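The values are calculated or read from the model by the stated rules, or taken from the named source; none is laboratory data. The structure presented is a predicted model; accordingly, all values stated were derived computationally and were not measured. Cβ placement follows ideal geometry from the backbone for every residue including glycine, while neighbour counts extend to all protein chains displayed.
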There are 2 protein chains.
Amino acid sequence: MENTYKLGKKMKNKDVFVEKLRSSGLRPTKQRIQISELLFDRKNTFHFSIDHLNNLLKKKTKIKVSLATIYNTVHAFKKKGYLKEILINREKSYFDTNTSDHHHFLNVKTNELIDLKNEDVEKIKIKKNLPGKKIKSIEVIVKVENSN
Amino acid sequence: MENTYKLGKKMKNKDVFVEKLRSSGLRPTKQRIQISELLFDRKNTFHFSIDHLNNLLKKKTKIKVSLATIYNTVHAFKKKGYLKEILINREKSYFDTNTSDHHHFLNVKTNELIDLKNEDVEKIKIKKNLPGKKIKSIEVIVKVENSN
DNA sequence: AATATAATTTATAATGATTCTAAAGTAGTG
DNA sequence: CACTACTTTAGAATCATTATAAATTATATT
């Protein structure tokens with residue numbers, strides 16, 4: 001999420017998100033702006049579940065955002081390519097603000113996810129190919145646990 | 001699932017499963033035997049959901065097996081190491097009769113799974129390691145779609 | 001072979017994440 | 001300001017899965 005400039009002055013984060021939303025054909029409502037700030041105004045990748053985001057909204061913000069809106073917004077962002085869904089268990093959906101191709105460590109005890117940079121994984125070579133099919137993506141999950 | 005011999009005579013499949021169940025501390029009920037035959041009496045790996053197994057039982061067998069028993073049995077088999085769960089989407093659980101370490105192709109349109117033999121994937125090398133953690137498993141899903 | 005026991009099956013209810021619905025609220029346009 | 005389309009919202013509906021508790025069955029015991 002790099003910052004942009006307008007009339008020579010640094011834009012406020014809020015304005016960045018308003019523009020981003022508008023340019024995506026999404027009206028910049030206060031709910032969407034608030035969620036954008038929580039999700040994208042960070043240095044590092046953020047992994048979260050709906051539940052997690054709901055708690056963050058309750059804790060860190062004044063405005064009330066209904067669960068339905070959280071679902072709507074997260075799905076809208078996913079559709080626009082601002083979020084990626086990650087499958088780690090069947091109970092809950094998890095999302096990732098890093099939408100580039102990359103893999104994950106998964107702590108099986110805590111369900112905590114950690115990004116693996118592309119240079120951290122040697123290129124994966126699939127030697128078999130299925131006739132009439134093409135590879136769309138390759139996803140690796142490295143499950144880890146305490147080594148004590 | 002290799003066959004074994006008893007008193008010089010080839011055992012019936014049913015007997016094989018009765019023994020397998022008993023040796024696992026599971027009573028060989030007709031439901032469990034029936035499910036074992038459907039799942040394990042095959043040449044190839046079998047990938048299925050509970051729903052799929054339920055339909056098979058209705059179609060191919062005389063006895064009635066309740067949904068609850070199907071869930072119980074599949075979980076018992078998983079616990080005993082006879083089945084492996086695979087995460088391909090959040091709507092349903094999928095299981096695999098191939099419990100060895102291996103990866104999968106996933107047809108994103110049909111949710112069909114195809115095993116990748118170990119020799120079909122070049123060994124995956126993770127160059128980063130997390131302090132205090134050890135790798136438990138590495139799972140690769142290669143998503144494919146029609147190449148037309 | 002009948003009985004006692006503990007395990008298993010079953011129908012049904014409960015759970016919980018997600019989706020749907022339709023009414024009330026809000027942003028953008030003129 | 002007024003209009004229209006888009007959004008938000010509370011609450012209901014859905015659907016896979018799990019829990020419950022009563023009936024059934026496998027196995028050990030007599």
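Does B:LYS64 fit the bill of being within 14 Å of another protein chain (Cβ to nearest Cβ), in a loop (DSSP other than H, G, I, E, B) and over 21 Å from A:PHE105 (Cα atoms)? No; evaluated as a whole, the condition is false for this residue.
Condition check ((1) modelled with pLDDT under 95; (2) in a loop (DSSP other than H, G, I, E, B); (3) under 24 Å from B:LYS117 (Cβ atoms)) across all residues:
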position: B:ASP15; (1), (2), (3): yes, no, no
position: B:GLY25; (1), (2), (3): no, yes, no
position: B:ARG32; (1), (2), (3): no, no, no
position: B:SER36; (1), (2), (3): no, no, no
position: B:LYS43; (1), (2), (3): yes, yes, yes
position: B:PHE48; (1), (2), (3): no, no, yes
position: B:ASP51; (1), (2), (3): no, no, no
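Selection of the stretch A:85-95 for residues being free of Cβ contacts under 8 Å to residues at least 40 places away in the same chain, farther than 18 Å from A:LYS117 by Cα and under 12 Å from the mean Cα position of the chain (by Cα) yields an empty set.
Among the residues that make up the stretch B:51-62, is at least one of them of a type in the set (A, V, I, L, M, F, W, C), closer than 28 Å to A:LEU130 by Cα and touching a strand residue (DSSP E or B) at 6+ places or on another chain (Cβ under 9 Å)? Scanning the stretch B:51-62, I find at least one residue that is of a type in the set (A, V, I, L, M, F, W, C), closer than 28 Å to A:LEU130 by Cα and touching a strand residue (DSSP E or B) at 6+ places or on another chain (Cβ under 9 Å), so the answer is yes. Within the stretch A:70-79, the residues that satisfy the criterion of being touching a residue at least 12 places away in the same chain (Cβ under 8 Å), farther than 13 Å from A:LEU38 by Cβ and either surrounded by 15 or more Cβ atoms within 10 Å (Cβ to Cβ) or more than 11 Å from DNA strand C (Cβ to nearest atom) (or both) are A:ALA76, A:LYS78. Looking only at residues that are within 16 Å of DNA strand C (Cβ to nearest atom) and out of contact with any Leu (no Cβ under 6 Å at 6 or more places or on another chain) in the stretch B:83-95, which one is farthest from the other protein chains (Cβ to nearest Cβ)? The qualifying residue farthest from the other protein chains (Cβ to nearest Cβ) is B:LEU83. If you go through the stretch B:84-103 and pick out every residue that is farther than 29 Å from A:LYS84 by Cβ and either modelled with pLDDT of 95 or more or in contact with a strand residue (DSSP E or B) (Cβ under 8 Å, 6 or more places away or on another chain) (or both), you end up with 2.
Residues are listed down the side, and each one gets a yes or a no for (1) within 7 Å of chain B (Cβ to nearest Cβ); (2) without any contact (Cβ under 8 Å) to a residue 40 or more places away in the chain; (3) out of contact with any Leu (no Cβ under 8 Å at 6 or more places or on another chain):
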| site | (1), (2), (3) |
| --- | --- |
| A:HIS52 | no, yes, yes |
| A:LYS60 | no, yes, no |
| A:GLY81 | no, yes, yes |
| A:THR97 | no, no, no |
| A:VAL121 | yes, yes, yes |
| A:ILE124 | yes, yes, yes |
| A:VAL144 | yes, yes, no |
